[in-house]
1. Order by neighbour count: ILE437, ILE535, fewest other Cβ atoms within 10 Å first, most last.
2. Placing +1 on the Cβ of each Lys and Arg and -1 on the Cβ of each Asp and Glu in the chain, which of ALA402, HIS358, PRO166 has its Cα farthest towards the positive end of the resulting dipole?
3. Any idea what the dipole of the chain comes to, in debye rounded to 20, about its Cα centre with Lys/Arg Cβ at +1 and Asp/Glu Cβ at -1?
4. With N denoting the number of residues in segment 570-631, provide Rg(C-alpha) divided by 2.2 N^0.38 Å, to two decimal places.
5. Each label point is 7 Å from the Cα along the Cα-to-Cβ direction; what then is the distance between the points at THR113 and HIS137, in nm?
6. Order of PHE315, PHE504, PHE181, PHE566 from fewest to most other C-beta atoms within 10 Å?
7. Counting residues in segment 139-222 as N, plug N into 2.2 N^0.38 Å and put the Cα Rg over that result.
8. Among GLN74, VAL105, TRP306, which residue has its Cα furthest toward the positive end of the charge dipole of the chain, with +1 on Lys/Arg Cβ and -1 on Asp/Glu Cβ?
Amino acid sequence: MAELTDRRSKRLGSAQADRALAFGNGVDGGYLRELLDSIPALVASLNPKWEVEFVNQPLLDYLGKPFHVLKDWQRSDVVHPDDLSIAVHNIDLASRTGESFDMEVRCRRYDNTFHWFQIRAVSLHDHVGNLTRWSMHMVDIEERKRSEEALESTGRDLRLAINTMPVLAWSTKPDGEADFFNEHFLTYTGLSPEGAAGWGWTAALHPDDRAPLATYWQTLLAEGGTGEFEARMRRSDGEYRYFLFRADPLRNNDGKIVKWYGTNTDINDRKNAEEQLRRSEAFLTEAQRLARIGRFTWRVATAEIWWSNEMYAMFEFEFGRTITFDLIASRLHPDDLRYVADMNQRANAAMSDLEYEHRLVMPNGEVKYMHLIAHSRRDSDGTLEYIGAVQDVTQRRRAEEALAKARQELANVTKATSLGVLTASIAHEVNQPLAGIITNASTCLRMLDGNPPNVDGARETARRTIRDGNRAADVIARLRSLFGQRKIIAEPLDLSEVAREVIFMSVGELQGKFVRLDEELAADLPLVQADRIQIQQVILNLLRNAADAMDRVTDRVKVIQITTAFDGGHVSLAVRDAGVGLDPIFGETIFEAFNTTKPNGMGIGLSVSRSIVTAHQGRIWAEQNDGPGATFTLALPIPLRTEAY
Ligand code: ADP
């Protein structure tokens, strides 16, 4: 057949050649040819030896090759070199079996690009069954191939994503039977895909969680919503961990569930932390209840106050009531109202922490003692906030008061007893020489009154009087030494520290008398050599006297100021009160024994104090204040250094 350059003439030429071959059954070959050329399909026919006999025009156009090139297609470059062997193999096989077949090979198109084609070869036989021809139908499936590949790669990516995401993922059939698990699921449980499939995965569930989860799952399957459930799953090493199971149904266009997708997220650490938090919160609440401690926060700028339940209970306000300073003030003891103003003042001056001892007066008149401590901090916005605790110290306070009272009573008894003993022994010891002196003095008088006066006798009697007088002085000296027997146990002392110890001991007693104590204790005082107990006694006595001096004061604040200082040679401690001041009857004698203005006083505190201070080579004195009250000061020398450092 002549090679035709013009497609139209080629078509005519081939039509002539093929008429007898292809359609030699009485049908008009020209008509069929035209028909085949006009259908939008790529068709060809080959003889049993696979020689191309006919190619329709669309196929010629599509491949862009003349007929003679296609005739010798095996030697042409029409079929992709990599696919040639597939084509040859299929043809060989079909030649032997005579059966129709399909194959997919790449063929070169008119634009020189290879496209995938699906080629269907149908064997045609004559009436006795001999193979007469192969009819071929080619379809360009490039597009389909591409989308298949794209789909495959998306599928690959998806599989990778599902397998690498840090959750256990799975899917089930509409009836809930599992049909897929990602690798994490299988690695975690140690189950094989077959082992986990269906309901096999439930073997990894904690025995206690199996029934509840099954019930939940059945309900979810029936209702078809999104579900969440927490249950424990066994890891391959046997450890159970908590997981959050999440399931979502996938529905088709009719709204029918076609699949369930789910994930299990490990929430074990969160669960543990929650549990720990719950436990420590429960513990804290219980501890606070037992210790009668309430917590509060106070945002200064907005005056917002938050209270814990215990606070409401202590103040006896109904739970949840909005807390304001007015409400708090309605419970405060009138004398302690100033603390509210003080708190606000301090907070507004951005002063640091707060600490108060205050009282509450309950509606039934009961008085409660409270100890408040609050710590200031700035939150993330820089807003000033106080976080604090209030402890009900009523019981402790009552116990302290009872103890202090008992102590006071004991001290009074001891004082009275020792004074009684002292008086008795003085009386006993001094009585004899006194009686002797009186007798001798009377005898002496009588002798001198005689006529003539018995001068020698009187002299002798006067001598005996002197002897008895000396005996009495001896007795006093002996008694003195007896009472001054305790040796001073001197140790290096910081007077500020000793003062703090005494304050600590007497703070309850002072508060009981509603006395405020202001301390100005110098830091880094040089040490004095002194007996700690004795100096404590002196300070304690000064504080008690100062408080006593303010007993009847009603028109001003009852305040004691305790100060320590160093003047270069002495360390001093002063106790200043706002009491009645020094009684003029005393003058200089206030430190002498048995001088008292108190109904139950003994008048020995200051005399003992003076003897203690004197024994320490120190000094103690009293001064009238410019304003109300008096100031008692003691000064102790600092020891001279004997060694150079
Ligand atoms: P007592 O306290 O038993 O009376 P003291 O020797 O301690 O014995 O005190 C003697 C007296 O000194 C007191 O009764 C009181 O009159 C007076 N006195 C002591 N301290 C002060 C003081 N701070 N202010 C006014 N008078 C005081």
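1. On the way: ILE437 19, ILE535 25.
Result, fewest neighbours first: ILE437, ILE535.
2. ALA402
3. Values: 76 positive and 92 negative charges, 428 e Å.
Roughly 2060 debye, rounded to the nearest 20.
4. On the way: Rg = 12.2 Å, N = 62, 2.2 N^0.38 = 10.6 Å.
For segment 570-631, the normalised Cα radius of gyration comes out at 1.15.
5. About 2.6 nm separates the two model spin labels.
6. Working: PHE315 22, PHE504 9, PHE181 25, PHE566 17.
Fewest-to-most Cβ neighbours within 10 Å comes out as PHE504, PHE566, PHE315, PHE181.
7. Details: Rg = 17.3 Å, N = 84, 2.2 N^0.38 = 11.8 Å.
Cα Rg divided by the expected 2.2 N^0.38 Å: 1.46.
8. Toward the positive end, the furthest listed residue is TRP306.
Throughout, read-outs are computed from the coordinates displayed, never taken from laboratory work. None of the values given here were measured: they were computed from a predicted structure. Backbone-built Cβ (ideal geometry, glycine too); neighbour counts: all protein chains shown.
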